[in-house]
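**Student:** If you scroll down you'll find the structure; I have some questions about it.
Where a number appears in this text, it was derived from the coordinates with a stated rule and is not lab data. These figures come from a predicted structure and were not determined experimentally. Cβ: placed from backbone, ideal geometry, glycine included. Neighbour counts: every protein chain shown.
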Amino acid sequence: NAGVTQTPKFQVLKTGQSMTLQCAQDMNHEYMSWYRQDPGMGLRLIHYSVGAGITDQGEVPNGYNVSRSTTEDFPLRLLSAAPSQTSVYFCASSYSRIGGYEQFFGPGTRLTVL
Amino acid sequence: TQLLEQSPQFLSIQEGENLTVYCNSSSVFSSLQWYRQEPGEGPVLLVTVVTGGEVKKLKRLTFQFGDARKDSSLHITAAQPGDTGLYLCSGTYKYIFGTGTRLKVLA
């Protein structure tokens, strides 16, 4: 099992550009989520999905879109990149969103917006 | 508003010392998790605590869930350089995370 994979590992964008961060899991987990991690802020939830076709907003959703067409994939789209979106992005999956279940994290994507 | 506050934010200690980090909230959680994150990697689960007052031990790490299920602590005995990392607590409401405690253990 590869677990949770994320691509790319590093990305530099110019302000206004768009891009998609890829996330895939092979554990057949229902729940997937995207976080951003900034210094001193811990992990903040951007969007999450409780199953294919179902997504919802987290704490900091503005400027990001998600979709979940399959159980395995949960891409994160930046519509028009801004310097405030410079961060490290983590994708995670879990058996359930109810809580108490381990979240498995990908290795992260380090994004810089100039 | 951060629902989970962790303290201290930074901690630098010598190998062999003991330490305690805290995770506090005004909200009640049905369970709470502790993760450790090393540089360049995603967080990895250490433990899940479920019952108020519960104490769990993982080798030199001792985790406690408050009686009211609003707070938790992580105590490390005889810290080692391998314990260096970012320690994060996570509550069960939408899997929110605390602000983290960055620990550095010096040899």
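**Student:** Among B:Gln14, B:Gln80, B:Gln64, which one shows the highest mean-square fluctuation when chain B is modelled as a Gaussian network with alpha-carbon springs under 10 Å?
**Tutor:** Maximum among the listed residues: B:Gln14.
**Student:** Where the only charges are on Cβ atoms (+1 Lys, Arg; -1 Asp, Glu), what is the dipole of chain A about its Cα centre, to the nearest 20 debye?
**Tutor:** Approximately 400 debye in magnitude.
**Student:** Another question, then. Which pairs in the list A:Lys9/B:Lys57; A:Lys9/B:Lys59; A:Lys9/B:Lys56; B:Lys56/B:Lys104 are over 28 Å apart, alpha-carbon to alpha-carbon?
**Tutor:** From the list (A:Lys9/B:Lys57; A:Lys9/B:Lys59; A:Lys9/B:Lys56; B:Lys56/B:Lys104), the Cα-Cα distance tops 28 Å for A:Lys9/B:Lys57; A:Lys9/B:Lys59; A:Lys9/B:Lys56.
**Student:** Please compute the average number of Cβ atoms from other chains found within 10 Å of each residue's Cβ in peptide B:36-46.
**Tutor:** Per residue, the number of nearby Cβ atoms from other chains is 5 on average.
**Student:** Moving on to the next point. Could you put B:Lys70, B:Lys57 in order, starting from the residue whose Cβ has the fewest other Cβ atoms within 10 Å?
**Tutor:** B:Lys57, B:Lys70
**Student:** Take peptide B:74-85, look around each residue's Cβ out to 10 angstrom, count Cβ atoms belonging to other protein chains, and average those counts.
**Tutor:** 0
**Student:** For a quick check, take a GNM of chain B with Cα springs below 10 Å and name the residue from B:Gly42, B:Gly85, B:Gly52 with the largest mean-square fluctuation.
**Tutor:** Comparing B:Gly42, B:Gly85, B:Gly52 in the GNM, the peak value goes to B:Gly42.
**Student:** Put +1 on the Cβ of every Lys and Arg and -1 on every Asp and Glu Cβ in chain B; which of B:Gly85, B:Tyr95, B:Phe10 then has its Cα farthest towards the positive end of the dipole?
**Tutor:** Going by the charge dipole, the pick is B:Tyr95.
**Student:** Would you list, by chain and number, the aspartates and glutamates whose Cα falls below 15 Å from the Cα of B:Lys70, excluding same-chain residues fewer than 8 positions away?
**Tutor:** B:Glu5, B:Glu54
**Student:** Among B:Ser26, B:Ser90, B:Ser73, which one shows the biggest mean-square fluctuation in a GNM of chain B, springs joining Cα atoms closer than 10 Å?
**Tutor:** Ranking B:Ser26, B:Ser90, B:Ser73 by mean-square fluctuation puts B:Ser26 first.
**Student:** Can you pull the mean other chain C-beta count within 10 Å for peptide B:10-20?
**Tutor:** Taking the mean over all residues of the peptide, I get 0.
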